[in-house]
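I have placed the structure first, in the form of structure tokens, so that the comments after it can refer back to it.
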Amino acid sequence: MNPWQAPSPALADLRPGRVRRYAGGVLEVEFPPGLPPAAPGQFVMVDLGDSALPHPFTPFRTLAGGGFTLLLRPQGRPVAALLARRRAGQAVRLFGPLGRPFPPPPLGARAFAVAESGRIAPLHLLVRLLGEAGGVTLFVGGDDDAHFAALAAFRLPGVRIERRRGGGWPAVEAALARAGTDDVLYAAAPEPALARLDRALGKPGRQGPRAFLALEVAMACGVGACYGCPVPLRRPPDPRRPYARACADGPVFPAGEVALG
Amino acid sequence: MSAAAVDLGRGLRLANPVLLASGPFGYGGRYLELFDPARLGAVVLKGTSPVPWPGNPPPRVAAVDGGLLNAVGLENPGVEAVLAGPARSLAERGCTVVLNVVGHDEDDFVAVARRADLSPHVAALEVNVSCPNVPDGLRYGTDPRAVAGLVAAVRRVTRLPLWVKLPPAPPDRRALARAVADAGADALSLVNTLPALALDRTGRPRLGAGAGGLSGAALRPVALLAVRECADAVDLPIIGMGGVETAEHARAFFAAGARAVAVGTALFRNPLAAVEILAALEADPDPQPPPRR
């Protein structure tokens, strides 16, 4: 099976298993097999019973035997709800994988990946595949220990990790300085950081690199049905349809396709 | 028997009384890969206007205690695209397709109804006079005379069964229901979302449109009252909706006077909610007293 290709989604009730704890309170929670393997950048919807809406999470690591993990940032009700379910031995309902994944790089292009502020989960499978295919440089930026948590999981063949600690969007700036016209750049970051990247790449006269941006947007259905997660298109083909759906047309968008910031 | 076929008027007989409500299911999306909507009594498509509507700016959804606020604003690709695309493909999958009709004015409603009447893929129309998320959404849904005029105008251009979706708390619900019945409606859909507001910590609205419509568990008691009062007021079949998440909830709506139920917001947490409710009703058909009508 082509690991870059999005599979059909499925639905499963799975019990959260082992938990690893990282710096800054970041948690990695294991789940047993039950869902098709996600393509890089895809997400799964997780119903934790704490809200009328499920939560979109990008699977982090793929485990031997078909299980997977979720990487959870410390703050927020979803984490508490998931841990409470785990303590009670209760399953949670998940469905996915969903959404448009990162595409493979063009032949011969150098690959760069960028994570800011701890948004590294969407990049794990991506950099693993890029590392196996010929190599990738992963820039990780942030100003907090939690932003650099779980980086040990990225010590993979062909993956070079470069940390950039500081304010602003230091990993974005480093990648912009390094990537050339024919290269490809993949980014997962808060929207202001993606907007910075998008603006820089869209400057008149700038040629490349090609870039793909993984957005983090509140969603309802996750399956492209409800129109609850609109993202403004930069150049809508029909002015009466000015939005893309983050869940079905994204969450990965080519740079320049949607209006950010 | 609560899972048996139901008659919703004007010759429309559904195989079972569990429907998908207009909105959360949209036009299907990838829900179609997770369950087969043809197992359900009917699928009510997302609100459809004569031409494409852009919908409201983001954010459009916000979870709140006891439910969900949405202000999607009826984004849709217009009636021609809906009839040629999802209405046709869902009907060809074996679904009974109901088109939810929206408009800014009577001409809009009539235009959609007239066009849908020509389609072999639409089994009924649900005239939506109660969306709180567009400027004219409640123009008709609170005034018995205005809604009667609208329903009569739509009635004149279609032979399809005509359902009218009413708001959860109009000033005089019984008068509204009677006006709709007298104007030629075949069934009532009760209820649409309840106008509501969610603010963030800084006091700003959490939705891009400002206010939105409340759905989910918090709406259920409001909807039950609406169903009970309208069932007492008019002799029309009622499709009950608002926080239907389990078979027990469906039975409560039947007990209040609904002939069918529609599942909406519950799909978000559990895409199988509607088919699981149907399966539970089939497995344990009638633990409650039968419906009153």
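The values are calculated or read from the model by the stated rules, or taken from the named source; none is laboratory data. As the structure is a prediction and not an experimental result, all values here were calculated from the model. All Cβ positions, even for glycine, are placed from backbone atoms using ideal geometry, and neighbour counts span all protein chains on display. Just the protein is used for accessible areas: all its heavy atoms, side chains included, with ligands, DNA and RNA removed. Shrake-Rupley method; radii C 1.70, N 1.55, O 1.52, S 1.80 Å.
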Plugging the Cβ-Cβ distance of A:R199 and B:E248 into 1/(1 + (r/R0)^6) at R0 = 45 Å yields, to the nearest 0.05, a FRET efficiency of 0.25
So, relative contact order of chain A in percent, Cα under 8 Å, 6 or more apart, is 18
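Counting only DSSP beta bridges with both residues in the range B:127-242, what percent are antiparallel, rounded to the nearest 5? List each step's numbers first, then the result.
On the way: 5 of 14 bridges.
In the range B:127-242, DSSP labels about 35 percent of beta bridges as antiparallel.
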Percent antiparallel among DSSP beta bridges confined to the range A:121-220, rounded to 5, stands at 0
With N residues in the range A:50-184, Rg(alpha-carbon) / (2.2 N^0.38 Å) equals 1.17
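Please give the calculated 222 nm ellipticity per residue for chain A, where each DSSP H segment of at least 4 residues contributes -39500 (n - 2.57) and the sum is spread over every residue; nearest 500 deg cm²/dmol? The partial results should precede the final answer.
Working: 4 runs with 41 residues, N = 261.
Rounded to the nearest 500, it is -4500 deg cm²/dmol.
If contacts are Cα pairs under 8 angstrom and at least 6 residues apart, what is the relative contact order of chain B in percent?
Numbers: 707 pairs, mean separation 61.2, N = 293.
That works out to 21 percent.
How much of the DSSP bridge set in the protein assembly as shown is antiparallel, in percent, rounded to the nearest 5? Before the final figure, lay out each step's value.
Working: 44 of 94 bridges.
So the antiparallel bridges amount to about 45 percent of the total.
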Protection proxy (average C-beta count within 10 Å per residue), highest first, orders A:101-107, B:4-10, A:17-23 as A:101-107, B:4-10, A:17-23
Rounded to whole angstrom, the alpha-carbon centroid of the range A:1-69 lies from that of the range B:33-53 at a distance of 29
Chain A: spread of alpha-carbon positions along the three principal axes, whole Å, largest first, is 57, 45, 38
Ordering B:D108, B:D284 by the accessible surface of their heavy atoms, 1.4 Å probe, largest first, yields B:D284, B:D108
Classified through the alpha carbon gyration tensor (a ≥ b ≥ c as square roots of its eigenvalues; rounded if a/c is under 1.5, else prolate when a/b is larger than b/c, else oblate), the range A:16-56 comes out oblate
P(r) over all Cα-Cα pairs of the protein assembly as shown, 20 Å bins from 0 to the longest distance, whole percent per bin, short to long, reads 22, 51, 24, 4
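Other chains' Cβ within 10 Å of B:73-79 residues: what's the mean? Kindly include the intermediate steps, with their values, before the conclusion.
On the way: counts 2, 1, 9, 3, 3, 3, 0.
Going residue by residue through B:73-79 and averaging, the value is 3.
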Under the 7 Å Cα-to-Cβ spin-label approximation, B:A4 and A:R87 lie apart by a distance in nanometres of 4.9
Once A:W169, B:W163, A:W4, B:W53 are ranked on solvent-accessible area with the largest value leading and a 1.4 Å probe, the list reads A:W169, A:W4, B:W53, B:W163
Expressed in nanometres to one decimal, the distance between label points 7 Å along Cα→Cβ at B:A233 and B:R39 is 3.6
In chain A, whole DSSP H helices that both stretch 18 Å or further along their axis by alpha carbon positions and average at least 1.6 on the Kyte-Doolittle scale are none
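Once you have a ≥ b ≥ c as the square roots of the Cα gyration tensor eigenvalues for the range A:120-200, tell me rounded if a/c is under 1.5, and otherwise prolate or oblate according to whether a/b is larger than b/c.
Working: a/c = 1.84, a/b = 1.15, b/c = 1.60.
Cα axes put the range A:120-200 in the oblate bin.
Can you give the relative contact order of the range A:11-95 as a percent, counting alpha carbon pairs under 8 Å and 6+ residues apart? Could the numbers behind the result be given before it?
Details: 163 pairs, mean separation 33.3, N = 85.
Averaging sequence separation for qualifying contacts and normalising by length gives 39 percent for the range A:11-95.
Indicate the gyration tensor shape class of the range B:1-124 (rounded, prolate or oblate), computed on the Cα atoms with a ≥ b ≥ c the square roots of the eigenvalues: a/c under 1.5 is rounded; otherwise a/b larger than b/c is prolate and the rest oblate.
Details: a/c = 1.67, a/b = 1.15, b/c = 1.46.
Taking the square roots of the gyration eigenvalues as a ≥ b ≥ c, the range B:1-124 is oblate.
What's the extension gain from A:D143 to A:R178 if we count 0.36 nm per residue and subtract their Cα-Cα distance?
Residue separation times 0.36 nm, minus the Cα-Cα distance, leaves 10.5 nm.
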The distance between the Cα centres of the range B:1-31 and the range A:89-162, in whole Å, is 43
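If you rank A:T69, B:T142 by how much accessible surface each has, with a 1.4 Å probe, what is the order from largest down?
Details: A:T69 0, B:T142 60 Å².
Ranked list, largest accessible area first: B:T142, A:T69.
FRET efficiency for A:R160 and A:R234, Cβ-Cβ distance as r, R0 = 45 Å, nearest 0.05? Please report the intermediate quantities before stating the final value.
Working: r = 32 Å, r/R0 = 0.72.
Efficiency, rounded to the nearest 0.05: 0.90.
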